[in-house]
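Chemist: Structure in structure tokens, see below.
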Amino acid sequence: MPPTEVLDAAADGVVDDSAVTEDTSPTLSMDSADESNVLTIHEAIQRVGYGTFQKRLLLVSGLMFMAVMLLSFLQVLVKDEWHLTSTQQAGITAAVFAGELPGALFWGFFADKYGRRLGFLLSALCIAVFGIWSAFVPTVWWLMACRAMVGFGVSGNRSLFSVPSTVLYTLRRARAI
């Protein structure tokens, strides 16, 4: 039936439904599931155990946390090297926090849309790139800009503290967090 005839027939209230077939696709039912083969999340994590994935995750998480804390130790060296005033020192520290606010907004939406794994990896890349770049900047203002971008990346790693608790079994979870 051409589209114009369908519209005319629908307007009259009479439609030829001889072409419509009954849906015969199979349906799934929860009643038919074998409950003996179903694992809870906790049981599945217990079975997986503690392997190379969990060790690598803890290593990456530790390195990201170390990158955040490193500035407090290096700031003394930067102060002496560039003869910074206390205001400039405070500006370097404040730049990290200034980058965290827009970063938290961005990475929250990003992780919701594209997933935590991709958000975690890209925020780690942001921290690495701008952290390394901040080692080669010529002025304190460029250092502040790079540290602000590190702060932007740091706010994307907030899930870093909850990820180990979701992939480690109970005996290792407390030690990892």
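Chemist: Placing +1 on the Cβ of each Lys and Arg and -1 on the Cβ of each Asp and Glu in the stretch 41-176, which of Ser134, Phe53, Phe109 has its Cα farthest towards the positive end of the resulting dipole?
Modeler: Phe53
Chemist: If you don't mind, another one. Could you compute Rg(Cα) / (2.2 N^0.38 Å) for the stretch 41-176, with N its residue count?
Modeler: Values: Rg = 17.3 Å, N = 136, 2.2 N^0.38 = 14.2 Å.
Computed over Cα atoms of the stretch 41-176, the ratio equals 1.21.
Chemist: Can I ask one more? How about the stretch 39-130: which chymotrypsin sites (Phe, Trp or Tyr not before Pro) there lie in a loop by DSSP and see at most 15 other Cβ atoms within 10 Å?
Modeler: Loop-located and lightly packed - Tyr50.
Chemist: Now a separate question. To the nearest 0.05, what FRET efficiency results for Leu125 and Trp82 with a Förster distance of 41 Å applied to their C-beta separation?
Modeler: 0.90
Chemist: Now, a different point. With a ≥ b ≥ c the root eigenvalues of the C-alpha gyration tensor of the stretch 35-88, is it rounded (a/c under 1.5), prolate (a/b larger than b/c) or oblate?
Modeler: Working: a/c = 9.64, a/b = 4.39, b/c = 2.19.
Note, shape of the stretch 35-88 comes out prolate.
Chemist: First measure r as the distance between the Cβ atoms of Lys113 and Val137, then evaluate 1/(1 + (r/R0)^6) with R0 = 35 Å and state the FRET efficiency to the nearest 0.05.
Modeler: According to the calculation, E is roughly 0.60.
Chemist: Now for a separate question. Please state the charge dipole magnitude for the stretch 41-176, taken about the Cα centre, from unit charges on C-beta atoms (+1 on K and R, -1 on D and E), reported in debye and rounded to the nearest 20.
Modeler: Using Cβ point charges on Lys, Arg, Asp and Glu, the stretch 41-176 gives about 600 debye.
Chemist: What percent does the relative contact order of the stretch 41-176 come to when contacts are Cα pairs within less than 8 Å and at least six residues apart?
Modeler: Relative contact order for the stretch 41-176 comes out at 36 percent.
Chemist: Can you give the net charge of the other residues whose Cβ lies under 15 Å from the Cβ of Arg147, counting K and R as +1 and D and E as -1?
Modeler: Net charge around Arg147: 0.
Chemist: Distance between the C-alpha centers of the stretch 47-100 and the stretch 128-156? Whole Å please.
Modeler: 11
Values quoted throughout were computed directly from the atomic coordinates according to the rules given, and no laboratory measurement underlies them. Just so you know, these numbers come straight off a predicted model, no measurement behind them. Don't worry about glycine lacking a Cβ; one is built from the backbone with ideal geometry, like all the others, and counts go over all protein chains shown.
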